[in-house]
Amino acid sequence: MTAKAMRIHQYGGPDVLHFEDVDIADPRHGEIRIAHTAIGLNFIDIYQRTGLYKLPSLPAVLGQEGAGVVTALGDGATDLRIGDRVAYAGCLGSYATERIIPADRVVKIPNGISDQTAAAIMLKGMTTRMLFRETYAVRPDTVMLFHAAAGGVGLLACQWARAIGATMIGTTSTAAKAEVARAFGCTHVVAANDPDFVERVRALTGGKGCDVVFDSVGRDTYEASLACLKPRGLWVSFGNASGPVPPFDLTLLKGSIFATRPSLFAYTALRHDLLANANELFAMVLKGHVKNVVQKTYALSDAAMAQQDLSDRQTTGSIVLIP
């Protein structure tokens, strides 16, 4: 059978994305076929399109996150039924109307959570949970700095931090985005381009600095991030929105600062870890702690435009592609 997919044949700008027919085989042992109803858009899609993150081979269908309905089962996929609503993150190939995927990489979507919400939160929401529960144990007395607080992960983090009771200092690129971050629970917002940025953060922490900095921006923010930490604080680099962090002198880690580069896929590689993460994320949604996550939708055929808007920082929150 055939499906429609957004595929690249070479690395480059948004123009290398082509909406075309792709062949789909029947699911093999341990696999299922999904008809997508919603597809999540993420910065990693752009990194892979440009070649910053190399793909196993080309041509390739982009996308790491999606939700849909099971339409066929391979042998061994015993925990699922045709018609089940499922979602996933971390499996390349979501920019398609249908796809084959390992059954152990999907989770069932609970009643009360829409397909669009599931597609919007799987990668970004599980990333937030990984950051706050496993990379650094955020508590009510935690004081954090979170870059791009009005972005897809950022707005989820605002709500999650508010539910915990932690103090979150967020950065945004515009005043309008600052208002969005505050509305979603960010305690304080600082302009990312403020020349007195470090001093502002220091003042908000009473001169102590932050316990942890969550930095998805990369090249433009890493030095300021390190300067905002208290002694023995943790710098968490989990993205490259402005470009990758260049090699730097380890003496920047003064004050015995720790640094880490976590990957969600390392934290969800085992089935029981995937389920633990997804189930806690779904519980946060069902309890009302995390909501209003889908800020904009595009047709799958307009994925190039959606990626451009995301890279130009013209959006807030999560973006969903509709097949």
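The values are calculated or read from the model by the stated rules, or taken from the named source; none is laboratory data. Values in this document were obtained by computation on a predicted structure and should not be read as measured data. All Cβ positions, even for glycine, are placed from backbone atoms using ideal geometry, and neighbour counts span all protein chains on display. Side chains are part of the model used for accessible areas, which takes the heavy atoms of the whole protein and leaves out ligands, DNA and RNA. Shrake-Rupley method; radii C 1.70, N 1.55, O 1.52, S 1.80 Å.
So here's what we get for this one:
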| item | result |
| --- | --- |
| Area of His29 that stays accessible when all protein chains are in place (1.4 Å probe, Å², to 10) | 140 |
| Length released on extending from Asp194 to Arg162, taking residue separation times 0.36 nm less the Cα-Cα span | 9.1 nm |
| Segment 42-141 - Debye-derived log10 I(q)/I(0), Cα point model, q = 0.21, 0.25 Å⁻¹ | -1.13, -1.31 |
| Helical contribution to [θ] at 222 nm, DSSP H n ≥ 4, -39,500 (n - 2.57), averaged over the chain, rounded to 500 | -8000 deg cm²/dmol |
| Selected from Ser263, Leu310, Met144, residue furthest toward positive end of dipole (the chain; charges at beta carbon) | Met144 |
| Computed log₁₀ I(q)/I(0) - Debye formula, equal Cα scatterers, no solvent, segment 62-213, q 0.12, 0.13, 0.19 Å⁻¹ | -0.61, -0.68, -1.07 |
| Area accessible to solvent at Glu199, 1.4 Å probe radius, in Å² | 110 |
| Label-to-label distance, nm, for residues given as Asn279 and Tyr53 (7 Å Cα→Cβ offset) | 2.7 |
| Most to least packed among 59-72, 100-113 [average Cβ atoms within 10 Å] | 59-72, 100-113 |
| Accessible surface of Leu270 - all protein chains present, 1.4 Å probe, nearest 10 Å² | 100 |
| Simple Cβ-charge dipole of the chain, Lys/Arg +1 and Asp/Glu -1, about Cα centre, in debye nearest 20 | 800 |
| Hull volume in cubic angstrom per residue (convex hull over the Cα atoms of segment 47-106) | 92 |
| Enclosed volume per residue, in Å³, of the convex hull spanned by Cα atoms of segment 200-246 | 65 |
| Principal axis dimensions, largest first and in whole angstrom, of the chain by Cα | 62, 40, 35 |
| Antiparallel %, DSSP beta bridges [both residues in the chain], to 5 | 55 |
| Cα shape, segment 157-297, gyration tensor, a/c 1.5 rule | oblate |
| Phi-based couplings in Hz for segment 227-243 (Karplus 6.51, -1.76, 1.60; Gly and Pro marked x) | 6, 8, 8, 7, x, 6, x, 10, 9, 10, 9, 10, x, 9, 4, 9, x |
| Options Thr251, Tyr88, Gly74, ranked by Cα towards positive dipole end of the chain, top entry (Cβ charges) | Thr251 |
| Net lengthening on full extension, Ser114/Thr174 (0.36 nm per residue, minus Cα-Cα) | 18.6 nm |
